[in-house]
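Participant: Right, I'll just put the structure down here and ask away after.
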Amino acid sequence: MGHLLGSVVNGAGALIGAVMGLLWGGRLKVSFRKQALRLMGLVVMVIGIKMATPLNDPVNTLISVVMGAWLGSLLKISARLEAFGSWVERRAGRAGFMQGFISAALIFNLGAMAIVGSLQAGLSNHPTILETKAILDGVTGLLLASTAGWGVALAGPLTFVYEGALSLAAGLLRGFLQGALLNDLSVVGGLLIAAIGVNFVTEKTIINIADLLPALFLTVILGWLKLQGVSFV
């Protein structure tokens with residue numbers, strides 16, 4: 001089970017950072033925290049754009065994002081997550097769950113480092129990428145938790161589960177999820193990350209990120225079809 005070490009370290013780093021943000025972040029001035037969140041949004045946008053570059057297959061990406069948004073809306077993913085968040089808030093007697101949880105979960109888990117790092121850990125038992133990512137997620141969790149609330153902390157355990165599952169599945173995906181497929185997945189993931197940055201900077205939900213999640217699965221399906229000779233242009 002050594003290949004799970006990277007996901008454990010990463011999840012712990014994110015959790016520790018979030019807890020520090022909850023305990024200590026409140027001492028920061030509100031104006032500074034808001035400004036810091038906007039600046040973090042800018043950085044997240046740049047990271048997302050960089051992940052999405054180069055855009056080798058714009059048709060695949062466009063179809064994946066548009067159809068993913070339609071499918072997510074049809075499945076009412078956002079509404080279901082909001083309902084779940086409201087239920088958790090009522091049970092816990094505290095507010096602010098969904099904004100922090102969804103934002104942190106997407107930031108921690110949709111990046112190329114999460115995907116490539118999990119594959120590296122699963123295939124080689126050398127989780128150097130995830131260990132590096134743990135530091136980045138810890139800092140991000142601290143800053144985000146100080147503004148978005150306690151839901152950020154719950155994204156830490158989710159990160160362990162998510163990356164651990166990817167690491168365990170890496171052996172089965174050895175001959176499939178590579179090359180063009182991994183690139184297309186990173187591009188769509190980058191666009192979602194950039195969209196998170198847009199929402200942070202504007203302090204509004206301009207783009208409904210949750211409903212875009214099916215795009216990640218669609219881009220893999222479309223990429224596989226492309227490898228089979230099915231063209232969309």
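Participant: For the list (1) part of a loop (DSSP other than H, G, I, E, B); (2) under 18 Å from the mean Cα position of the chain (by Cα); (3) not polar (S, T, N, Q), I need the number of the one condition that D211 fails.
Facilitator: (1)
Participant: Filter segment 203-228 for residues that are without any contact (Cβ under 8 Å) to a residue 12 or more places away in the chain and farther than 20 Å from A180 by Cα and give the result.
Facilitator: K204, T205, I206
To keep it simple, each residue is scored yes or no on (1) surrounded by fewer than 16 Cβ atoms within 10 Å (Cβ to Cβ); (2) within 20 Å of R80 (Cα to Cα); (3) touching a Phe, Trp or Tyr at 6+ places or on another chain (Cβ under 7 Å); (4) of a type in the set (A, V, I, L, M, F, W, C).
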residue	(1), (2), (3), (4)
Q178	yes, no, no, no
D184	no, no, no, no
I193	no, no, no, yes
I196	no, yes, no, yes
T205	yes, yes, no, no
A210	no, yes, no, yes
A215	no, yes, no, yes
T219	no, no, no, no
G223	no, no, no, no
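Participant: Applying the selection to segment 1-33, what residues are of a type in the set (A, V, I, L, M), closer than 22 Å to I115 by Cβ and modelled with pLDDT of 75 or more? Don't jump to the end; show me each part of the working.
Facilitator: Residues of segment 1-33 of a type in the set (A, V, I, L, M): 1, 4-5, 8-9, 12, 14-16, 18-20, 22-23, 28, 30.
Imposing the further condition that a residue be closer than 22 Å to I115 by Cβ reduces the set to 1, 4-5, 8-9, 12, 14-15, 18.
Listed by number, the residues that qualify are L4, L5, V8, V9, A12, A14, L15, A18.
Participant: Need the failing condition index for A165 against (1) of a type in the set (G, A, S); (2) crowded, with 20+ Cβ neighbours inside 10 Å; (3) over 26 Å from G21 (Cα atoms), just the number.
Facilitator: The failed condition is (2).
Participant: Moving on. Residues of segment 36-57 being surrounded by 13 or more Cβ atoms within 10 Å (Cβ to Cβ) and more than 20 Å from F108 (Cα to Cα), which ones?
Facilitator: Listed by number, the residues that qualify are L55, D57.
Participant: Considering each of G21, G17, G68, G25 in turn, give the residue that is surrounded by 13 or more Cβ atoms within 10 Å (Cβ to Cβ), among the small types (G, A, S) and under 25 Å from V188 (Cβ atoms).
Facilitator: Working: G21 fails: under 25 Å from V188 (Cβ atoms); G17 fails: under 25 Å from V188 (Cβ atoms); G25 fails: under 25 Å from V188 (Cβ atoms).
Going through G21, G17, G68, G25 in turn, just one is surrounded by 13 or more Cβ atoms within 10 Å (Cβ to Cβ), among the small types (G, A, S) and under 25 Å from V188 (Cβ atoms): G68.
Participant: Any chance segment 163-184 includes a residue that's in contact with a Lys or Arg (Cβ under 8 Å, 6 or more places away or on another chain) and in a helix (DSSP H, G or I)?
Facilitator: Residues of segment 163-184 that are in contact with a Lys or Arg (Cβ under 8 Å, 6 or more places away or on another chain), as a first pass: 180.
Then keep just the ones that are in a helix (DSSP H, G or I); that gives 180.
The answer is yes; a qualifying residue exists.
The values are calculated or read from the model by the stated rules, or taken from the named source; none is laboratory data. What you see is a predicted model; the values in this text were computed from it and never measured. We place every Cβ from the backbone using ideal geometry, glycine too, and count neighbours over all the protein chains shown.
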